[in-house]
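As structure tokens, the structure follows; a few thoughts come after it.
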Amino acid sequence: MNAKRYLDSIGSKYKRVFIIYSSTGATEPVFTEKTLATLGGRMDVVARTAFYALHDVKPCRPDTLFIAHLEGQPSPPRQVYIDCNSSAKMPIGERDMGRLLRTLLESQESRSTFTGLIDRLRRKTAVYTLHESGEDIERALKHPSLPAAFILGDQKGFPRIYEDYLLRYTAPISIGPRPYLASHVAAFVNEWLDSSLRLLSSE
Ligand SMILES: C[S@@+](CC[C@H](N)C(=O)[O-])C[C@H]1O[C@@H](n2cnc3c(N)ncnc32)[C@H](O)[C@@H]1O
């Protein structure tokens, strides 16, 4: 499936979208599952975040799309799209997810700029940026409405130029003043949406 088809399915097939901005993630399949953190340019962070965005106790969330926006060497920028149909056997851990990312870099060819990608998302859905100084998630998503897209930074956060853009054109939300791992934040957002939507449906 190409990028347009993934993005066109937001709202119908996909109710939750997670995007990680990776300033160092490799843009060609030059790594293996054993070299995610080194040759992969911290693809371990991307793989972990993909895993927590798409998984919980059950194997995979069919209504969720994960997008890795990669700005590392050798040919930035590039995106990888992952959903529950990306592999016959979905990954059961970080290394497995790293292997899938590598395979998808071999088969997908999406090269939007970061702001181009976010602008396309904004035309389809509400877009939130996870940021320590954003509005408390308890207030911002008290009555969540889906679809919704959530943008996460990598181990370095966001470069200043994109941070300014995201704070201006998306809704910044926070899970507290402490910085957490992007993977932890993805898991927390999923859990927050699950419990808020459960409460809403029982009212
Ligand atoms: C490891 S953190 C980045 C830390 C980085 N040193 C910085 O200063 O931005 C990775 C990403 O997770 C998200 N994140 C981490 N803690 C958060 C929090 N308390 N609230 C909202 N988002 C958070 C942000 O998107 C952040 O860019």
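The values are calculated or read from the model by the stated rules, or taken from the named source; none is laboratory data. What you see is a predicted model, and the numbers here were worked out from it, not measured in a lab. Cβ atoms come from the backbone with ideal geometry, glycine included; neighbour counts cover every protein chain shown.
Quick notes on this structure:
- Among residues of the stretch 1-25, those that are touching a helix residue (DSSP H, G or I) at 6+ places or on another chain (Cβ under 6 Å) and under 20 Å from residue 93 (Cα atoms), counted: 4
- Residue in the stretch 17-33 that is more than 13 Å from the chain's Cα centre (by Cα) and among the aliphatic types (A, V, I, L, M) present: yes
- Restricted to the stretch 98-142, and to residues there that are closer than 25 Å to residue 174 by Cβ and polar (S, T, N, Q), the residue that is nearest to the ligand (Cβ to nearest atom) is 129.
- So residue 38, is it more than 22 Å from residue 65 (Cβ to Cβ), modelled with pLDDT of 95 or more and over 11 Å from the mean Cα position of the chain (by Cα): yes
- Among the candidates 119, 136, the residue that is closer than 18 Å to residue 8 by Cβ and free of Cβ contacts under 8 Å to residues at least 60 places away in the same chain is uniquely 119.
- Every test in (1) more than 14 Å from the ligand (Cβ to nearest atom); (2) more than 26 Å from residue 43 (Cβ to Cβ); (3) surrounded by 11 or more Cβ atoms within 10 Å (Cβ to Cβ) is passed by residue 148 save one, and that test is (2).
- Tally, over the stretch 167-181, of residues that are more than 9 Å from the ligand (Cβ to nearest atom), surrounded by 14 or more Cβ atoms within 10 Å (Cβ to Cβ) and outside any strand (DSSP E or B): 2
- Residue in the stretch 182-199 that is part of a loop (DSSP other than H, G, I, E, B), at negative phi and not acidic (Asp, Glu) present: no
- Filtering the stretch 151-163 to residues that are within 10 Å of the ligand (Cβ to nearest atom) and among the β-branched types (Val, Ile, Thr) leaves only 151.
- Residue-level check: of (1) free of Cβ contacts under 8 Å to residues at least 24 places away in the same chain; (2) in a loop (DSSP other than H, G, I, E, B), residue 33 misses just (1).
- Subset of the stretch 36-62 [touching a residue at least 60 places away in the same chain (Cβ under 8 Å) and touching a Lys or Arg at 6+ places or on another chain (Cβ under 6 Å)]: none
- Output for the stretch 151-164, where each listed residue is surrounded by fewer than 16 Cβ atoms within 10 Å (Cβ to Cβ) and over 14 Å from residue 45 (Cβ atoms): 159, 160, 161, 164
- Tally, over the stretch 36-77, of residues that are out of contact with any Asp or Glu (no Cβ under 8 Å at 6 or more places or on another chain), not in a loop (DSSP other than H, G, I, E, B) and not small (Gly, Ala, Ser): 6
- Taking the criterion of being more than 16 Å from residue 17 (Cα to Cα) and buried (at least 16 other Cβ atoms within 10 Å of the Cβ), the only residue of the stretch 182-196 that qualifies is 196.
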